[in-house]
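> Once you've had a glance at the structure underneath, I'll fire off some questions.
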Amino acid sequence: MHPQPTAAVAITPAGGGADAYNRQLGDGPVPEDLRDLFAAVQQAGRSAGSGAPRWDERLHAVATDLAAVVPEGQVLPYRAVEFALHHRGIIEPTPHLVVVWMERDNIVSLTAHVAERLGRLMQGEGYTRAAIGTARRQGKTAVVVALQSSHIETQPIPRTARTGATVPIRGRVLAPFAQPEVLVARADGTVETIKTRVNKDGSFASSIVCGPPAGEIRLEVSAVAENGASVLANFPIWCGVKPPRELRLAGARRDGVDPEMIESQLIQLINTARRRAGLPELALDRETAAVARRYSEEMARTDQVAHVSSESGAADDRLRRAGVRRGLVQENLARASSAEEAHDGLMNSPGHRANILSAQATHVGVGVAYAKDSGDLLVTELFTRVPPTVDRAAARDSIAETIRRGRALRLDAALVRLAQSNAEELAAGAPRDRVAAEMERALNEMAGKYKRLRTVILALSDTRDFATRNLPQDAATDFGVGVAQGEHRDLGRGAIFVVVLLGQRA
């Protein structure tokens, strides 16, 4: 099964929308005409072993908004669903939608049909909220069942604030999640991690300044569980401007069915975003692309989209098992109906956006597979760094300057020569213990000049990763630096070997 085309949509939800996220939670009575159908939804959850989801009034409004515009035989764009969620004050990621078209209002037939579809869908998913929306459309009834997981609670967060205002972000992540992190994508596209106080019970507190400039900022709260980090909330705040009341989207063309074509399209979208941000394009990394493709195929087979798999581990594990060594590995995962939708969703997530616009990444590998039942695209993007050839003298001077900025040390020519010689041996593949022994003999010959000598050996993928905190903080007067490039067992080709010698004069 392959993805359906994404429809053109114009959505104008009824009412003025929420003034804040989570101002009012969604508990409320189930409409009488939907009670039997919702009971079937809850029974499907219990039968699947994931528990009965509770009715969510806000999600009901979202499902009703979407039932009024969903086109028969086509997929609702991700941005339309997201727009409806935020309009109603919901911060959790996009829900799973089941869309059914009925020729006539036959609740018995509808309930049986939906129950059959949900029985497969809810296996092991653990949806905590659900709602149903309906709309009469050209002699038929469109029914939208929305299923959503929620593992976060927050105090009300305004959807709009004046430019320059401080907006508090306070909440709690729920089991099995811990270690919440708050990120923001600014109106200018930059991404930053917000300083956040985190307590043992999962509660957290932070704040963000709403611009300048005026416009939309995007917040994300992620947390960690057994299967890795997950996005628990993703939502915009409008600084100095009002949130939009309607959304109009043109339909997206149907992607080619060849996964390689879609992978190429995603790389083009990534590099277009990087060019717009003033960043160099990423080169194709065929070795990591093969690993990415295999993981997308695994996700299709297991129907699990997670950064950590019980079968293949994390991205680092998958690369290592394939014999691929990289100093930097950042992973994006997506489930979508098209390449454009996958890319838009990732760019709207501050954490994933930061990976796409990483200044350290030099290469990317993308893998795509089709989900078995829905035909959705399952996307894996691996951003890596293959260090370019460095100018050894320039790199050595840069590191020496970093050391001098942090400490009042004198560069010693003899220590520089010895450090450079040993860096070159390490880069050529000489065993580290042999190099250390040779260095110790050479340093012993300097014992009359120095009463103490220390050696620091580092392997880096970028000289910008060097920091003086890597050095011993005891007394030293002189230093020398050596830099060379070669193969490293963990960082792979082009690794940068740095040797720093620190001496305390006698």
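Read-outs: derived from the displayed coordinates by stated rules, not from any lab. This structure is a prediction, so every number in the text was calculated from the model and none was measured. Glycine also receives a Cβ, built like all others from the backbone with ideal geometry; neighbour counts cover every protein chain displayed.
> Find how much the distance from A250 to L411 grows on full extension, using 0.36 nm per residue of separation minus their present alpha carbon separation; answer in nm with one decimal. Before the final figure, lay out the partial values.
Details: separation 161, 0.36 × 161 = 57.96 nm, distance 6.26 nm.
My answer for the length gained is 51.7 nm.
> Once R0 is set to 35 Å, what does the formula 1/(1 + (r/R0)^6) return for the Cβ-Cβ distance between A52 and R170, expressed as a FRET efficiency to the nearest 0.05? Write down the numbers at each step before the final one.
Numbers: r = 29 Å, r/R0 = 0.84.
With a Förster radius of 35 Å, E is 0.75.
> Next question, about the same structure. Based on alpha-carbon atoms only, what is the radius of gyration of the range 186-228 relative to the globular estimate 2.2 N^0.38 Å? Numbers along the way, then the final one.
Working: Rg = 13.2 Å, N = 43, 2.2 N^0.38 = 9.2 Å.
Relative to the rule-of-thumb radius for its length, the range 186-228 sits at 1.43.
> Tabulate in residue order the Karplus-calculated ³J(HN,Hα) for the range 268-280, using 6.51 cos²θ - 1.76 cosθ + 1.60 with θ = phi - 60°, rounded to whole Hz; enter x for Gly and Pro.
Values per residue, Gly and Pro as x: 4, 5, 4, 6, 5, 4, 5, 4, 5, 8, x, 10, x Hz.
> Whose amide H sits under 5 Å from the amide H of R54, counting only residues 5 or more places off or on another chain, with H placed in the peptide plane?
Those qualifying (amide H under 5 Å, at least 5 residues apart or on another chain) are R129, A130.
> Still on this structure: Along the Cα-to-Cβ line of K200, 7 Å from the Cα, sits a label point; which residues in the range 151-181 have backbone N less than 16 Å from it?
From the range 151-181, the list is 178-179.
> Where does helix 432-444 land angle-wise versus the long Cα axis of the chain, in degrees 0 to 90, nearest 10?
Taking the Cα atoms of the chain, the angle to 432-444 is about 40 degrees.
> Suppose a student asked you for the relative contact order of the range 392-505, using Cα pairs under 8 Å spaced at least 6 residues apart; what percent would you report? Walk me through the intermediate numbers first.
Numbers: 196 pairs, mean separation 45.9, N = 114.
For the range 392-505, the relative contact order is 40 percent.
> Now, a different point. Using Cα positions and a limit of under 20 Å, work out the lysines in reach of K449, with same-chain residues fewer than 8 apart set aside.
The reachable lysines, counting only those whose Cα sits under 20 Å from K449, number zero.
> To the nearest 10 degrees, how steeply does helix 286-302 sit against the main Cα axis of the chain, on a 0 to 90 scale?
So the inclination is approximately 30 degrees.
> Now a separate question. Can you compute the FRET efficiency between R404 and K372 using 1/(1 + (r/R0)^6), with r the Cβ-Cβ distance and R0 = 45 Å? Round to the nearest 0.05. Please list the in-between numbers first.
Working: r = 60 Å, r/R0 = 1.32.
The value I calculate is 0.15.
> Modelled label-to-label distance, R493 and Q268, 7 Å Cα→beta-carbon offset: nm?
About 2.8 nm separates the two model spin labels.
> Another question, if that's okay. Expected output is a single nm value to one decimal: the length gained when fully extending between D188 and R301, i.e. 0.36 nm times separation in residues minus the C-alpha distance. What is it?
Details: separation 113, 0.36 × 113 = 40.68 nm, distance 3.91 nm.
Value of the extension gain: 36.8 nm.
> Work out, step by step, the length gained on full extension between S310 and T389: first 0.36 nm times the residue separation, then minus their alpha carbon distance; give nm to one decimal. List each step's numbers first, then the result.
Details: separation 79, 0.36 × 79 = 28.44 nm, distance 3.74 nm.
So the extension gain works out to 24.7 nm.
> Taking 7 Å along the Cα-to-C-beta vector as the label spot, tell me the A178-D462 distance in nanometres, rounded to one decimal.
Result for the modelled spin labels: 3.0 nm.
> So what are the range 430-506's ellipsoid semi-axes, whole angstrom, largest first, if each one is the square root of 5 times an eigenvalue of the alpha-carbon gyration tensor?
On the way: eigenvalues 121, 49, 14 Å².
Its equivalent ellipsoid spans semi-axes of 25, 16, 8 Å.
> Only Lys, Arg, Asp and Glu count, each charged at its Cβ (+1, +1, -1, -1), so figure out the dipole size of the chain about its Cα centre, rounded to 20 debye. Mind showing how you got there, number by number?
Working: 63 positive and 60 negative charges, 301 e Å.
Computed charge dipole of the chain: roughly 1440 debye.
> I would also like to ask the following. Please report the Cα spread of the range 153-239 along all three principal axes, rounded to whole Å, starting with the longest.
38, 22, 18
> While we're here: Using the Cα centre of the chain as origin and beta-carbon charges of +1 (Lys, Arg) and -1 (Asp, Glu), tell me which of P71, P259, A48 is placed farthest towards the positive end of the dipole.
Selected residue: P259.
> Same structure, new question: Using a 10 Å cut-off on Cβ atoms, rank the peptides 396-406, 434-444, 341-351 from the highest mean neighbour count down.
Numbers: 396-406: 16.1, 434-444: 13.8, 341-351: 21.8.
Output ranking for 396-406, 434-444, 341-351: 341-351, 396-406, 434-444.
> Could you tell me the largest-minus-smallest coordinate of the C-alpha atoms of the range 47-171 on each of the three principal axes, in descending order and whole angstroms?
Each principal axis gives a Cα extent; for the range 47-171 these are 53, 37, 21 Å.
> So what are the three principal axis dimensions of the chain from its Cα atoms, in whole Å, longest to shortest?
Largest first, the chain extends 96, 48, 40 Å along its Cα principal axes.
> Taking Cα pairs under 8 Å and at least six residues apart, what relative contact order does the chain come out at, in percent?
Numbers: 1105 pairs, mean separation 67.3, N = 506.
Reported relative contact order: 13 percent.
> Here is a follow-up. Helix 413-427 versus the longest principal axis of the chain: what angle, 0 to 90°, nearest 10, using Cα atoms?
50
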